[in-house]
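Presented below is the structure to which this report refers.
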Amino acid sequence: MPLLTWNSNYSVGIKIIDDDHKVLIDMINKACDSIERMEEQKVLIGLVSDMRQYGMQHFSTEEGLMKEHDYPDIESHKKLHNHFIIYAASLDNMHDSDKENLEPLKIFKYLADWLRNHILIIDKKFGSFLIDKGVK
Ligand SMILES: [Fe+2]
Ligand SMILES: [Fe+2]
């Protein structure tokens, strides 16, 4: 069962951002499938690592647009992105023995909640700002 489903409610109105969000949501759901299939922890940590990489790329796209258009809330928005990266990196950098004790569903539920709230509140606010600036 998917943890998140993209629908038009999630649209921030900027195609390049929406497309990235769809990929990230897809990654979370793929991880959820792996958990349901009881795949190894190693596979799951790999998925967290993939999400971290895609997330970093996506955040730099958003932050680039923030700079380009002088977004006033850039610093607070960037801080939230950094929390996500630090969380994913902390999982990535764990010792193998500790990784065995992780609870994958909990991790991906946390990431899904983070992404849902971030898109619906923080990115939507940024999206409205860009739309006002005439960005599509
Ligand atoms: Fe985003
Ligand atoms: Fe963001």
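Remarks
- Two-decimal Rg/Rh across region 1-79, once Rg and the Kirkwood Rh are taken from alpha-carbon atoms: 1.05
- Taking the Cα centre of the chain as reference, the dipole from Cβ charges on Lys and Arg (+1) and Asp and Glu (-1) amounts to some 340 debye.
- Over the chain, DSSP H runs of length four or greater, each weighted -39,500 (n - 2.57), average out per residue to a 222 nm ellipticity of -23500 deg cm²/dmol.
- Local net charge near His21, Cβ-Cβ under 11 Å (Lys/Arg +1, Asp/Glu -1): -2
- Cut-off 14 Å between beta-carbons: net charge of the residues surrounding Ser11, Lys and Arg +1, Asp and Glu -1: +2
- Solvent-accessible area, 1.4 Å probe, carbon plus sulfur percent, for the chain: 54
- Measuring against 30 Å, Cα to Cα, the residue pairs Lys78/Lys109; Lys106/Lys136; Lys30/Lys78; Lys15/Lys99; Lys22/Lys106; Lys22/Lys79 contain Lys106/Lys136; Lys15/Lys99 as the ones spanning a longer distance.
- Top positive-direction residue, dipole computed over the chain with Cβ charges, set Pro2, Gln41, Asn101: Pro2
- A 1.4 Å probe run over the protein chains yields, for the chain, 57 Å² of accessible area per residue, whole-number rounding.
- Calculated log₁₀ intensity ratio I(q)/I(0) where the Debye formula runs over C-alpha points of the chain, q = 0.09, 0.16 Å⁻¹: -0.28, -0.80
The values are calculated or read from the model by the stated rules, or taken from the named source; none is laboratory data. In this text, all values refer to a predicted model and were calculated from it rather than measured experimentally. Cβ sites come from the backbone with ideal geometry, for glycine too, and all protein chains shown count toward neighbours. Please note that ligands, DNA and RNA were not included when accessible areas were found on the heavy atoms of the full protein model with its side chains. Shrake-Rupley method; radii C 1.70, N 1.55, O 1.52, S 1.80 Å.
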